[in-house]
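These notes concern the structure reproduced below.
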Amino acid sequence: MGLFRASRYVAALPLVSVDELVAGGVRLVLLDRDNTCVPRDAEAAPADVAAWLGRARAAGLELCLVSNNFHTSQVSRSARELGVDFVDHAMKPSPLALRRAMRRFSARPDETVMIGDQVFTDVAAGNLAGVRTVLVRPQSRSDLWYTHVFRVFERLALRGVTFDGE
């Protein structure tokens, strides 16, 4: 498996099976914030994302946002509203923030999954940290200008990939 290949491809976070995560030995779910949990053009997570997080918590999974977003107030507000912990200024694709979150929850890489919407940040960071990765489609077409540039290369990297739920 290459640096930019996810373990799984799922159309949206609410379509990721909580039961499969638990059955696969996952204890900790690391989640990107922007366009994975919260659309880039919105301030709050959609109801189906909040419901998924509730199901994950009820199944005993630990949840933590790991965000490159430098606006701590946005990340902390989302984490509080969603009832999850957070690490901001993650600087993904560096795996350091993922490792910090795993230490915080005393979770090993084989017990952890990273779920995000970007190949070159979320998937690469997860792979570098040695955790399973799930790539989801972005919730919104709204992105930062430089993310739009990366999305062009992402489309090339994802040619032929099928997302579950589409």
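The values are calculated or read from the model by the stated rules, or taken from the named source; none is laboratory data. None of the values given here were measured: they were computed from a predicted structure. Note that each Cβ is placed from the backbone with ideal geometry, even for glycine, and that neighbours are counted across all protein chains shown.
Quick check, is residue 47 surrounded by fewer than 16 Cβ atoms within 10 Å (Cβ to Cβ), over 25 Å from residue 70 (Cα atoms) and either of a type in the set (Phe, Trp, Tyr) or over 12 Å from the mean Cα position of the chain (by Cα) (or both)? Steps first, please.
Details: surrounded by fewer than 16 Cβ atoms within 10 Å (Cβ to Cβ): yes; over 25 Å from residue 70 (Cα atoms): no; either of a type in the set (Phe, Trp, Tyr) or over 12 Å from the mean Cα position of the chain (by Cα) (or both): yes.
So residue 47 does not fit the description; no.
In region 1-35, what residues are of a type in the set (Asp, Glu) and over 18 Å from residue 98 (Cβ atoms)?
Initial filter on region 1-35 (of a type in the set (Asp, Glu)): 19-20, 32, 34.
Of everything in region 1-35, those that are of a type in the set (Asp, Glu) and over 18 Å from residue 98 (Cβ atoms) turn out to be 19, 20.
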**Request:** Would you point out which residue out of 59, 42 is over 18 Å from residue 15 (Cβ atoms) and among the aliphatic types (A, V, I, L, M)?
**Result:** 42
**Request:** Output the residues belonging to region 56-71 that are loosely packed, with under 13 Cβ neighbours inside 10 Å and assigned to a helix (DSSP H, G or I).
**Result:** 58
**Request:** Check region 139-147 and report whether any residue there is at pLDDT 95 or above and among the acidic types (Asp, Glu).
**Result:** no
**Complete:** Counting only residues that are basic (Lys, Arg), under 19 Å from residue 136 (Cβ atoms) and at pLDDT below 95, region 39-81 contains a total of 1
**Request:** With respect to residue 29, determine if the residue is within 12 Å of the chain's Cα centre (by Cα) and within 16 Å of residue 111 (Cα to Cα).
**Result:** yes
**Request:** For residues that are within 12 Å of the chain's Cα centre (by Cα) and among the small types (Gly, Ala, Ser), scanning just region 101-129, find the one that is surrounded by the fewest Cβ atoms within 10 Å (Cβ to Cβ).
**Result:** 124
**Request:** List every residue pair whose Cβ atoms sit under 9 Å apart, with the two residues 6 or more apart in sequence or on different chains, where the first one lies in region 10-23 and is without any contact (Cβ under 8 Å) to a residue 12 or more places away in the chain and the second, anywhere, is surrounded by 14 or more Cβ atoms within 10 Å (Cβ to Cβ) and β-branched (Val, Ile, Thr).
**Result:** 17/10; 20/26
